[in-house]
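The values are calculated or read from the model by the stated rules, or taken from the named source; none is laboratory data. Since we're looking at a predicted model, the values are computed, not measured. Reconstructed Cβ throughout: ideal geometry from the backbone, glycine too, with neighbour counts over all protein chains shown. Areas reflect the complete protein model, heavy atoms only, side chains present, ligands, DNA and RNA absent. Shrake-Rupley method; radii C 1.70, N 1.55, O 1.52, S 1.80 Å.
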Amino acid sequence: MAEMHTGVGRQRGARPWPRPRRIATISVHTSPLHQPGSGDAGGMNVYILEVARRLAEADVEVDIFTRATSGDLPPVVEMAPGVHVRHVTSGPLEGLTKEELPGQLCAFTAGVLRAEAARPPGWYDLIHSHYWLSGQVGWLAKERWGVPLVHTAHTLAKVKNAQLAAGDRPEPKARVIGEEQVVAEADRLVANTRAEAGDLIGRYDAEPDLVAVVEPGVDLDRFRPLPGEPTAVRRAARLRLGLPTDGYVVAFVGRIQPLKAPDVLVRAVAALRDRDPVLADQVTVAIVGGPSGTGLDRPTALIELAASLGVTDRVRFLPPQTGDDLPALYRAVDLVAVPSHNESFGLVALEAQACGTPVVAAAVGGLVTAVRDQVSGVLVDGHHPTDWAGTLRQLLPDRSRRAALARGAVRHAAQFSWDRTVDGLLAVYQDTIADYRKRLASELAGEGAMLSFG
Ligand code: UDP
């Protein structure tokens with residue numbers, strides 16, 4: 001990592017070399033039109049949309065290519081001025097899992113190339129691919145269009161496989177190979193955190209000079225505390241959500257899958273009942289989100305787990321919430337828990353803190369950056385239910401400690417805005433285009449010299 005782009009203090013457009021006019025964003029397996037919080041839709045969808053909107057505001061048009069998964073949607077949807085989602089037909093509209101998508105990459109790529117071929121030459125200045133499947137498409141498109149490829153992995157199979165939850169399926173070798181190819185072919189790799197940059201370099205042999213760190217953000221206008229929020233508002237929010245109006249509520253928000261480990265919270269409340277039954281009877285665990293990935297195999301597994309541990313009465317399940325409903329939910333609960341086995345960043349942690357709710361998170365991956373231990377929340381080592389129960393037991397009854405963490409949470413989250421992310425990305429885009437064009441010019445000069453020799 002010769003240079004780390006954190007976006008801090010950078011002025012949009014301050015660089016002397018060209019900024020892109022139009023970029024092609026590739027998101028094969030999940031669309032920013034999908035509701036995050038279940039299936040394959042999560043933080044990456046939020047990231048792509050928030051970034052695209054702000055790039056368009058900075059006069060960079062964004063076309064987001066994604067696979068068509070419904071006959072109801074038109075081929076092109078304008079999400080905001082300058083931001084278009086382009087649906088590419090590749091395979092059946094319904095019924096394909098993410099694991100089956102590698103077989104559709106050729107059809108998807110053909111659709112992307114066809115769409116670009118209908119434009120005047122040189123339409124896109126740069127490609128930004130998200131997740132390895134998109135990286136494969138970007139690799140071919142970059143060769144065809146003669147533009148650079150910026151790639152963000154979001155998750156890495158080697159990292160995921162090293163931290164698998166018990167019973168979770170390892171990522172297949174084909175993905176590992178596919179990721180290695182994209183790392184080797186991309187002109188720049190954007191990592192969400194220094195830890196991810198280290199993984200790209202250490203586990204995937206990425207060229208350190210080509211790895212840039214740009215942290216994701218949070219919409220600080222939407223996710224914010226309401227100072228002096230009256231208890232009545234919080235009470236009303238809990239009532240609306242079907243949560244108890246008295247007692248403590250600890251929320252898990254996200255896709256229900258073994259990697260995200262909502263089971264840790266269910267086990268923790270059971271462990272708490274063993275140690276402190278009076279407190280445990282005042283605690284409700286709210287699990288917000290829908291099943292995803294291997295969680296789909298047994299969507300009822302958590303309900304069964306709660307029943308087997310005798311804590312059914314302490315656990316509530318809520319469907320995925322829209323981005324507009326989430327702030328009220330975060331503000332209505334006492335703590336948000338992120339017990340993931342791995343997390344490339346953890347937008348939920350940032351959003352909750354921005355709303356003034358402290359976060360208890362596993363000390364893994366990007367969560368170590370997203371949560372400032374003992375200042376904006378608490379990081380827990382490992383996933384042992386007793387440790388998690390111990391943390392809940394310390395924090396929940398201690399109102400003044402939680403209030404201090406809540407203040408720290410708002411301050412910490414305030415450092416992460418999407419504007420800062422977009423500033424960082426624009427700097428990466430500009431550097432990448434400049435390097436690419438310089439290389440092209442020197443290759444052409446070399447060819448010219450060869451010709452004059454000949
Ligand atoms: N999310 C949502 N509704 C839900 C649950 C989650 O909109 O019911 C959003 C949440 O606001 C966050 C994203 O989904 O922006 C999850 O991102 P995160 O980085 O926490 O996890 P990922 O899904 O990327 O693994």
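Structural remarks
- Close pairs (8 angstrom Cβ cut-off, 6 or more residues apart or separate chains): within 16 Å of the ligand (Cβ to nearest atom) in segment 233-261, open to solvent by 10 Å² or more (accessible area, probe 1.4 Å) and polar (S, T, N, Q) anywhere: VAL253/GLN321; ARG255/SER38; ILE256/SER38; GLN257/THR294; PRO258/THR294; LEU259/ASN342
- Enumeration of residues in segment 39-53 that are in contact with a strand residue (DSSP E or B) (Cβ under 9 Å, 6 or more places away or on another chain) and near the ligand (Cβ under 7 Å from one of its atoms): MET44
- Exactly one residue out of ALA162, ALA157, ALA184 is modelled with pLDDT under 95 and out of contact with any strand residue (DSSP E or B) (no Cβ under 6 Å at 6 or more places or on another chain), and it is ALA162.
- Scanning segment 411-444 for residues that are in contact with a helix residue (DSSP H, G or I) (Cβ under 7 Å, 6 or more places away or on another chain) and not hydroxyl-bearing (Ser, Thr, Tyr) yields HIS412, ALA413, PHE416, TRP418, ASP419, VAL422, LEU425.
- Just one of the listed residues (VAL311, VAL283, VAL278, VAL269) is surrounded by fewer than 18 Cβ atoms within 10 Å (Cβ to Cβ), away from the ligand (no atom under 15 Å from the Cβ), more than 27 Å from the chain's Cα centre (by Cα) and farther than 26 Å from GLU99 by Cβ, and it is VAL278.
- Apart from one condition, ARG372 fits all of (1) more than 24 Å from LEU239 (Cα to Cα); (2) open to solvent by less than 10 Å² (accessible area, probe 1.4 Å); the exception is (2).
- Residue within segment 339-360 that is open to solvent by less than 10 Å² (accessible area, probe 1.4 Å), away from the ligand (no atom under 14 Å from the Cβ), within 22 Å of the chain's Cα centre (by Cα) and small (Gly, Ala, Ser) present: no
- Selection count where residues are modelled with pLDDT of 95 or more and open to solvent by less than 10 Å² (accessible area, probe 1.4 Å), scope segment 26-50: 6
- Any hit, segment 81-96, residues being polar (S, T, N, Q) and under 24 Å from the mean Cα position of the chain (by Cα): no
- Any hit, segment 377-393, residues being modelled with pLDDT of 95 or more, within 16 Å of the ligand (Cβ to nearest atom) and not in a loop (DSSP other than H, G, I, E, B): yes
- Looking at ALA361, ALA352, just one residue is in a helix (DSSP H, G or I) and of a type in the set (Gly, Ala, Ser), and that residue is ALA352.
- For beta carbons closer than 8 Å, sequence separation of 6+ or different chains, a first residue in segment 37-62 that is over 21 Å from ALA251 (Cα atoms) and a second that is among the polar types (S, T, N, Q) and away from the ligand (no atom under 15 Å from the Cβ), the qualifying pairs are ILE48/THR25; ALA52/THR25; VAL62/THR25.
- Of everything in segment 185-198 that is touching a residue at least 12 places away in the same chain (Cβ under 8 Å) and surrounded by fewer than 18 Cβ atoms within 10 Å (Cβ to Cβ), the residue that is farthest from the chain's Cα centre (by Cα) is GLU185.
- Restricting the first member to segment 113-124 and to residues that are modelled with pLDDT under 95, and the second to residues that are open to solvent by 50 Å² or more (accessible area, probe 1.4 Å) and in a loop (DSSP other than H, G, I, E, B), no beta-carbon pair is closer than 8 Å while six or more apart or on different chains.
- Verdict on LEU55 being of a type outside the set (Gly, Ala, Ser) and assigned to a loop (DSSP other than H, G, I, E, B): no
- Counting the residues of segment 63-76 that are open to solvent by 30 Å² or more (accessible area, probe 1.4 Å) and in contact (Cβ under 8 Å) with a residue 12 or more places away in the chain gives 6.
- Test for ALA404: is it touching a residue at least 60 places away in the same chain (Cβ under 8 Å) and either open to solvent by 10 Å² or more (accessible area, probe 1.4 Å) or within 16 Å of the ligand (Cβ to nearest atom) (or both): no
- Residue in segment 322-338 that is open to solvent by 40 Å² or more (accessible area, probe 1.4 Å), among the polar types (S, T, N, Q) and farther than 18 Å from GLY43 by Cβ present: no
- With respect to the conditions (1) of a type in the set (A, V, I, L, M); (2) open to solvent by 50 Å² or more (accessible area, probe 1.4 Å); (3) in contact (Cβ under 8 Å) with a residue 60 or more places away in the chain; (4) within 27 Å of ALA441 (Cα to Cα), VAL150 lacks only one, and its number is (2).
- Some residue of segment 294-302 being open to solvent by 10 Å² or more (accessible area, probe 1.4 Å), away from the ligand (no atom under 16 Å from the Cβ), among the small types (Gly, Ala, Ser) and modelled with pLDDT under 95: yes
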